[in-house]
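The values are calculated or read from the model by the stated rules, or taken from the named source; none is laboratory data. This is a predicted model, so every value here is computed, not measured. Here the Cβ positions follow ideal geometry from the backbone for every residue, glycine too, while neighbour counts run over all protein chains shown.
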Amino acid sequence: MDYALDSKLARFARRIKQAKKKKRLAPPSPFKQYKEGLPDDKAEQLREFFADFSAHCLIAKKEKRKLRADFERAILHYENAGVSLEKALDLLAVKNLGSFYARPPVLWFPLDDAAKIYPLSMEHGIMSIFRLSVYLKQPVVPELLQIALNFTIKRFPSFATTLKKGFFWHYLDTTKRRFTVEQEKRVPCESLKVALSGSQSFRVIYYENRISVEFFHVLTDGFGGNAFLMALTSEYLRLIGVEIPPDAKIWDVNAVPVAEEVENTFAKVPRSGSASGFMDKLAVQMNGKLSENKPSRIIHFKMNVSELKAAAKKHQASVTVYLLALMFLAGRAATDELHGEASIQVPVNMRKFYPSKTVRNFSMYCGIRLPIEETTDVQSIIAKIDEQLKKKTSKESMDAMLMATVRLVKILRYIPLILKQRVAKAVYGFLGDKIFSNTLSNLGVIEVPQAMAEHIESMDVVLSPPLTNRATCSVVTMNDIATFTITKSTLDPTFEEVMYDLLLADNISMTVEGSDFYEA
């Protein structure tokens, strides 16, 4: 007889017995206590509610338990807030789950042309992530934000996916699971663990009154990310009791998705004209020592829109051109280089040339370049920036950039993925961030229904830091507040200090917010 095995089995049996005893002695859960205290008619309502839930939720048992627990926590929240059970169950109506959790996953999505390069970059320490955040006027209720996500995800099937490797390209495969809301604990735009089976390519985070969504760029661009965040926020506000009339500005989470919303619109653009735009000279970089932590700091300048527009108008420029001019000056102050060209990358939404409802990537970019010797004051450079921006963001120039993207994808099409990953570093020699000094992504003015706007303070956009650039910038406007955000990769404060002084000199009042330096 194997006495060692017999001893192990005995110890295992004792542990099982102890666990069962501990379970019997454990007090009932708060929800069970709540349920047991209900009168018969209320208990029957609850029983019918969860019977309906079971009919709508046929995912794996572990995930189903988590999803059910979400509803239990939400019901307890409403009970503690003095909301009647009838009202709570109406707000949480299981019909809002749709059929998403009741059907097996069948959809998969080839990556759009812009997204195909992003997974390859992971092999070289790059993960392109961006964050969109909305600031509410009241603290976030996490129990209801989780329910809002449970109800919203079905509307965005290309987001309810996990990244997988094919033979030639990565692709997005539908995953039916409970998508998770997290309390913020990480550094912004931290890499996602997309290699895990069933993993998410986005994360929903809350902190005090802030709701944030971080996206791996393989999923979407700023347009699609904003559509998701606004739909999620609208659904959250509904759950806290805000009545929001239907509005075309906000995606209806209960509408049925259509093919146009998840298409690769690059494939529908006519194939004609020249292909150019990727190749460029190396750009002058700011000289602060790169931080071990990336980002090393996030800084938000919250400005009055009227004052910002007045300053731009004084210089006979648009807000984007005006901010680019200040960034060139601040970047010049943050480098010790005496010669060379600085270049700022400007993403361009291609939907303005080719109307599309897709929430996949459909953006290109251009680079605005100036010799640093000529970067002396706003008035001397603003006309040059304006001229370049108009020319380089024209339909003709953007079509050439788009064709270059399409042709690169075509060249790589039949190369096995394992070889693509080996040559990715060479590709990044001319696609990487060394040809840029900085980035300015302007998401524009975000309009929401008045019923939503009354509960929102502002928005901001955070870009993940690239390998080389010491700063990347973004701007978004909501509720008459323009938030200019700087993502830092160095502890050198020169760039943001000069930006602040330049804005202040043009009589723009600001509230400066953000993080301290992230610890190493």
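Details
- Matching residues in segment 54-88 - criterion: being hydroxyl-bearing (Ser, Thr, Tyr) and either closer than 14 Å to Lys42 by Cβ or touching a Leu at 6+ places or on another chain (Cβ under 7 Å) (or both): Tyr78, Ser84
- Residue that is under 30 Å from Glu79 (Cα atoms) and surrounded by fewer than 17 Cβ atoms within 10 Å (Cβ to Cβ), where the choices are Glu292, Glu208, Glu260: Glu208
- Enumerated strands (runs of 3 or more DSSP E) restricted to segment 141-251, each holding at least 3 residues that are under 29 Å from His455 (Cβ atoms): 181-183, 202-207, 210-216
- Residue in segment 346-366 that is closer than 22 Å to Lys249 by Cβ, part of a loop (DSSP other than H, G, I, E, B), without any contact (Cβ under 8 Å) to a residue 24 or more places away in the chain and out of contact with any strand residue (DSSP E or B) (no Cβ under 6 Å at 6 or more places or on another chain) present: yes
- Exactly one residue among Glu307, Glu337, Glu260 is in contact (Cβ under 8 Å) with a residue 24 or more places away in the chain and in a loop (DSSP other than H, G, I, E, B), and that residue is Glu337.
- Filter result (at pLDDT below 95, of a type in the set (Gly, Ala, Ser) and closer than 15 Å to Thr358 by Cα) within segment 251-281: Ala267
- Residue count for segment 391-412 under the criterion of being surrounded by 18 or more Cβ atoms within 10 Å (Cβ to Cβ) and assigned to a loop (DSSP other than H, G, I, E, B): the result is 1.
- Of the residues Ile153, Ile147, the single one that is of a type in the set (Val, Ile, Thr), buried (at least 21 other Cβ atoms within 10 Å of the Cβ) and under 15 Å from Phe215 (Cβ atoms) is Ile153.
- Flag for Val284 being closer than 22 Å to Lys434 by Cα and either of a type in the set (Phe, Trp, Tyr) or at pLDDT 95 or above (or both): yes
- Filtered by the rule that a residue be under 14 Å from Asp377 (Cα atoms) and crowded, with 20+ Cβ neighbours inside 10 Å, segment 313-328 gives Val321, Tyr322, Leu323, Leu324, Ala325, Leu326, Met327, Phe328.
- Candidates Ser197, Ser191, filtered to the one that is within 20 Å of Asn361 (Cα to Cα), surrounded by fewer than 22 Cβ atoms within 10 Å (Cβ to Cβ) and modelled with pLDDT under 90: Ser191
- Close pairs from segment 178-207: first in contact (Cβ under 8 Å) with a residue 24 or more places away in the chain, partner assigned to a loop (DSSP other than H, G, I, E, B) and acidic (Asp, Glu), Cβ under 9 Å, at least 6 apart: Glu184/Glu208; Ile205/Glu184; Tyr206/Glu184; Tyr207/Glu184
- Condition met for Tyr118 (within 21 Å of Asn361 (Cα to Cα), hydroxyl-bearing (Ser, Thr, Tyr) and either more than 21 Å from the chain's Cα centre (by Cα) or at pLDDT below 95 (or both)): yes
- In the set Val106, Val140, only one residue is in contact (Cβ under 8 Å) with a residue 24 or more places away in the chain, in contact with a strand residue (DSSP E or B) (Cβ under 8 Å, 6 or more places away or on another chain) and farther than 24 Å from Val256 by Cα; that residue is Val140.
- Of residues in segment 344-383 being out of contact with any helix residue (DSSP H, G or I) (no Cβ under 8 Å at 6 or more places or on another chain) and among the charged types (D, E, K, R), the one farthest from Leu463 (Cα to Cα): Glu373
- One residue from Arg68, Arg47, Arg73 being surrounded by 15 or more Cβ atoms within 10 Å (Cβ to Cβ) and more than 20 Å from Gly241 (Cβ to Cβ): Arg68
- Selection status of Glu457, closer than 23 Å to Arg369 by Cβ, at pLDDT 95 or above, acidic (Asp, Glu) and outside any loop (DSSP other than H, G, I, E, B): no
- Whichever residue in segment 461-494 is among the polar types (S, T, N, Q) and touching a helix residue (DSSP H, G or I) at 6+ places or on another chain (Cβ under 8 Å) and, among such residues, is farthest from Leu132 (Cα to Cα): Thr494
- Conditions (1) hydroxyl-bearing (Ser, Thr, Tyr); (2) over 25 Å from Arg470 (Cβ atoms); (3) within 22 Å of the chain's Cα centre (by Cα); number of the one not met by Ser397: (3)
- Scope segment 483-520; condition under 16 Å from Asp460 (Cβ atoms), of a type in the set (D, E, K, R) and surrounded by fewer than 22 Cβ atoms within 10 Å (Cβ to Cβ); matching residues: Glu496, Glu513
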